[in-house]
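Structure record follows, encoded as structure tokens.
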Amino acid sequence: MMSANNMSGPQRVNKIIRYKPPSTEANPTLEDPTPDYMNLLGMIFSMCGLMLKLKWCAWIAVYCSFISFANSRSSEDTKQMMSSFMLSISAVVMSYLQNPQPMSPPW
């Protein structure tokens with residue numbers, strides 16, 4: 001009797017319940033707005049970097065894009081995130097093409 005109990009284990013098969021993550025439709029407070037805010041900030045800083053030729057704005061845009069990518073879920077829209085990332089990279093490239101000098105501090 002003891003060996004049969006060890007083979008099957010102490011689990012009660014009828015009590016096993018599969019985990020389901022809580023849905024964000026039922027509770028909208030579970031959704032994290034950080035990727036959306038960082039995506040928006042990245043686009044604003046990259047436009048400032050492109051239009052005003054500010055290198056530090058372009059680098060902050062790359063930083064915001066990385067934060068947005070790191071905090072996003074796999075189910076989110078990747079096109080918008082990739083376009084924000086490419087916009088920030090192009091802001092860095094264009095600002096250094098126009099002025100290849102090292103970046104001066106913003107203050």
| remark: Inside the range 51-103, the number of residues satisfying the requirement of being touching a residue at least 24 places away in the same chain (Cβ under 8 Å), of a type outside the set (K, R) and over 23 Å from D32 (Cα atoms) is 16
| message | Tally up the residues in the range 70-107 that are of a type in the set (F, W, Y) and either open to solvent by less than 80 Å² (accessible area, probe 1.4 Å) or at pLDDT 90 or above (or both), please. | response | 2
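For the range 51-69: of the residues being open to solvent by 50 Å² or more (accessible area, probe 1.4 Å) and closer than 19 Å to Q101 by Cα, which is nearest to the chain's Cα centre (by Cα)?
I60
The values are calculated or read from the model by the stated rules, or taken from the named source; none is laboratory data. These figures come from a predicted structure and were not determined experimentally. Neighbour counts run over all protein chains shown; Cβ positions are idealised from the backbone, glycine included. Accessible surface is based on the protein model in full, side chains and every heavy atom, while ligands, DNA and RNA are left aside. Shrake-Rupley method; radii C 1.70, N 1.55, O 1.52, S 1.80 Å.
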